[in-house]
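None of the figures in this text is laboratory data; all of them are computed from the coordinates on show. Values in this document were obtained by computation on a predicted structure and should not be read as measured data. Cβ coordinates were reconstructed from backbone atoms using ideal geometry, including for glycine residues, and neighbour counts include every protein chain displayed.
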Amino acid sequence: MSAATTTEAVDDRVRTRSPAAVILGMPAVGATIGAVAVAVLFLAVAPAFRNTENVGTILYQSATIGIMAIFVALLMIGGEFDLSTGVAVTTSGLTAAHVSWYFGMNIWVGVLIALVFSLAVGAFNGWLLHVSKLPSFLVTLGTFFVLQGINLAVTRIVTGGVSSNTISDMDGWASAQAVFASSFQIGDVAVKVPVLYWLLLIALLSWLLLRTRAGNWIFAVGGDAAAARAVGVPVRATKTALFMGTGFGAWLLGMHTLFEYNNVQSGQGVGSEFIYIIAAVIGGCLLTGGYGSVVGAAVGALIYGMTNLGISYAGWDVDWLKTFLGVMLIAATLVNVYVKKKADAR
């Protein structure tokens, strides 16, 4: 059997996979149940949580986690990790700010250079993973420290401090802020533009994962990379594209951070990578790869958004948030393994 024939056989799974079953079924079942439980809990114990005006705040907090979490989910389904995502967001924002300010360029030039740099970091991670044969955990841990050092050192060189300079008086600021940090009202709810990007990306990446050949390749390389390669799946290109996807997510969040707050702190972002992974795992992604959903990761981010706000409104000590996330991570991992075994047994 030729590689072309076997690749077509693999691709046939795209046409037989039920979108409804994957989006609403097994991978996201634990997250959906968890989201309902969290919502009911805080609706019961925190009267302020019932205010409809808080919907916008919950969605915004969820989006700022979820934009990256859905790209991390795709990468995890493809069998890899990226521990550099938190600092990569900061790096992207700093790149746009420093380039624009230091060279006196239109802000949009800095934005585009930041995009190219973020995609290049993702491509580098994919390339190094391939040539070194090291686990992605180690590859991206190295990238994490490299980017963290660059963020701190370059910012001190350019600005003499620990944050980027103000660029709100430069050409292109108003239009860039409208694209990356604007908001609008829907009744009593203030909706920030990252929420729209998040919802759009959920739909787009779900379609990519469930209804395209590339999506089927992601499942294949995450399930068994050697077997996928044997039947003609472009394993290296697929994984590199997934790392570039996390680079794009870092760029989008980095631009929002820059234009929302007018500067970027060089030390921020550390630890966020774990929250992205937790959201993906809560959403049904297995640490072993080959299983999960984009919508599940989005629901995992929604759980974080509701919990972050709900704990505060309930008057509980916010220090318990990380404890809650740890419990959710362990519980979600156990549920995901159980559900996967049940699905495989059918």
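Structure remark: mean-square fluctuation, Gaussian network model of the chain, C-alpha springs under 10 Å; the largest value among THR64, THR166, THR52 belongs to THR52.
Along each principal axis, taking the top coordinate minus the bottom one, the Cα set of the chain gives 62, 52, 33 Å in descending order.
With a simple spin-label model that places each label point 7 Å from the Cα along the Cα-to-Cβ direction, the separation between TYR102 and ALA174 comes to 2.9 nm. The calculated FRET efficiency for LEU41 paired with VAL270, based on their beta-carbon distance and R0 = 35 Å, is about 0.75. Considering every Cα-Cα pair within the stretch 62-203, what fraction, in whole percent, is farther apart than 19 Å? So the portion of pairs separated by more than 19 Å is 60 percent. Its residues counted as N, the stretch 139-202 yields a C-alpha radius of gyration over 2.2 N^0.38 Å of 1.60. Residues THR307, THR140, THR57, ranked from the fewest to the most other C-beta atoms within 10 Å, line up as THR57, THR307, THR140. About its Cα centre, the dipole of the chain is roughly 940 debye, where the only charges are +1 on Lys and Arg Cβ and -1 on Asp and Glu Cβ.
Can you find, among MET255, VAL294, GLY267, the residue sitting farthest towards the positive end of the charge dipole of the stretch 194-299, where Lys and Arg contribute +1 and Asp and Glu -1 at Cβ? My answer, from the dipole projection, is VAL294.
In a fully extended conformation the segment linking ALA227 and ILE150 would gain 23.9 nm over its present Cα-Cα distance, using 0.36 nm per residue. Under 5 Å between amide hydrogens, built in the peptide plane, is the criterion, and for VAL189 it picks out nothing among residues at least 5 positions away or on other chains. In the stretch 271-340, the C-alpha radius of gyration followed by the widest Cα-Cα span (Dmax) gives 12.3, 40 angstrom.
Mean separation of Cα pairs under 8 Å and 6 or more residues apart, divided by the residue count, gives the chain a relative contact order of 36 percent. Counting Lys and Arg as +1 and Asp and Glu as -1 over every other residue whose Cβ lies under 13 Å from the Cβ of LEU129, the net charge comes to +1.
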